[in-house]
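Visitor: One structure, as structure tokens, below. Some questions next.
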Ligand code: PEP
Ligand code: MN
């Protein structure tokens, strides 16, 4: 539920409400706006009546959150969550683009790609060090060696780095190296992993599961928020359907839908979302037009020779064109004042 305090409620009144909620077993999140204070309380709704919050001095009203996701919902927090990573902002209306290869293959290739994408306007670098591959015989990633190469690329380019963590025990290691920790589609409902990344102080990029409904996806985000980490970036990356001409069906309707339901930023991954290089540009532009908060795109210096996901990887040259088009669409759909927006 959300407790809205009256305009001009005193600090003592706010403290009294906070204490009553805590005593009744609620977890309380205080948000002090310019005009009024709001207390978000998560816990057993049955206890609400017993603690008679509405009767306390300074309380304007109490609103129950009916959705199963609470902290992730717009009712809980009306303004957009903005997550700052390096010089990039997710959720402020800009379109930071995360770019890089599917997997870190070796030092030289990764550093070259990092410089190529930086030059073309990428705001962050991506790369997989621990790879969730369908076949145990496919390249599984370089592990910590890959993380070291990524950290070196960050030192050289100044761009923050994003990589996936696949299991609970690797969370401290991955969090030590990277700026955003990714939970991949296959792990979206690995609830123990979600609780673990909920304990760290790094933003989490939470991909939508291969067969997850929007509600299941938001409930996964709720696990992270409830564990204490409020920096969650959602990523639509396509879902499984009967269609076989694309790798997945990119559900762009989820972008405006989730942004209505939740205050969290939503980015789009057209690479895994389509599996096809030639669809990445049109889907990226559509994603920008429907209000996404960023993009994550696979780029490889030589896609034909990539160790994973070559068919959905752009060359640096393709990436340059994409960035120009993204900029143009962003300008076209913004209600003016696009100047200075980071894309
Ligand atoms: C990835 O981004 O490298 C990846 C494996 O993505 P997903 O979890 O969306 O398949
Ligand atoms: Mn990939």
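Visitor: Taking the options 271, 281, name whichever one is in contact (Cβ under 8 Å) with a residue 40 or more places away in the chain, within 12 Å of ligand 2 (Cβ to nearest atom), crowded, with 18+ Cβ neighbours inside 10 Å and in a helix (DSSP H, G or I).
Guide: Of 271, 281, the one residue that is in contact (Cβ under 8 Å) with a residue 40 or more places away in the chain, within 12 Å of ligand 2 (Cβ to nearest atom), crowded, with 18+ Cβ neighbours inside 10 Å and in a helix (DSSP H, G or I) is 271.
Visitor: Residues in region 88-97: is at least one at pLDDT 95 or above and within 15 Å of ligand 1 (Cβ to nearest atom)?
Guide: Yes, that holds for at least one residue.
Visitor: Let me ask you something else. Check residue 206 against each of (1) surrounded by fewer than 24 Cβ atoms within 10 Å (Cβ to Cβ); (2) under 16 Å from the mean Cα position of the chain (by Cα); (3) within 13 Å of ligand 1 (Cβ to nearest atom) and name the one condition it does not meet.
Guide: (1)
Visitor: Do you know which residues across region 1-47 are outside any strand (DSSP E or B) and either in the same structural domain as residue 228 (by TED's automatic domain parsing) or in contact (Cβ under 8 Å) with a residue 60 or more places away in the chain (or both)?
Guide: Of everything in region 1-47, just one residue is outside any strand (DSSP E or B) and either in the same structural domain as residue 228 (by TED's automatic domain parsing) or in contact (Cβ under 8 Å) with a residue 60 or more places away in the chain (or both), namely 1.
Visitor: Scan (1) surrounded by fewer than 24 Cβ atoms within 10 Å (Cβ to Cβ); (2) touching a residue at least 12 places away in the same chain (Cβ under 8 Å) for the single condition residue 244 breaks and write down its number.
Guide: (2)
Visitor: Starting from region 306-322, take each residue that is without any contact (Cβ under 8 Å) to a residue 40 or more places away in the chain and list its partners that are assigned to a loop (DSSP other than H, G, I, E, B) and away from ligand 2 (no atom under 12 Å from the Cβ), counting only C-beta distances under 8 angstrom and pairs at least six apart or across chains.
Guide: 311/276; 315/301; 315/302
Visitor: Quickly run through region 98-141 and pick out the residues that are more than 14 Å from ligand 1 (Cβ to nearest atom) and under 25 Å from residue 82 (Cβ atoms).
Guide: 117, 118, 120, 121, 122, 123
Visitor: Would it be correct to say that residue 273 is under 26 Å from residue 212 (Cβ atoms) and assigned by TED's automatic domain parsing to the domain that holds residue 185?
Guide: Yes, satisfied.
Visitor: Can you tell me which residue in region 98-118 is surrounded by the fewest Cβ atoms within 10 Å (Cβ to Cβ), limited to those that are more than 16 Å from ligand 2 (Cβ to nearest atom) and touching a residue at least 60 places away in the same chain (Cβ under 8 Å)?
Guide: Only one residue tops the list, namely 112.
Visitor: Test residue 264 against the criterion of being closer than 28 Å to residue 220 by Cα and either touching a residue at least 60 places away in the same chain (Cβ under 8 Å) or out of contact with any helix residue (DSSP H, G or I) (no Cβ under 8 Å at 6 or more places or on another chain) (or both), and give yes or no.
Guide: Against the criterion (closer than 28 Å to residue 220 by Cα and either touching a residue at least 60 places away in the same chain (Cβ under 8 Å) or out of contact with any helix residue (DSSP H, G or I) (no Cβ under 8 Å at 6 or more places or on another chain) (or both)), residue 264 qualifies.
The values are calculated or read from the model by the stated rules, or taken from the named source; none is laboratory data. This structure is a prediction, so every number in the text was calculated from the model and none was measured. We place every Cβ from the backbone using ideal geometry, glycine too, and count neighbours over all the protein chains shown.
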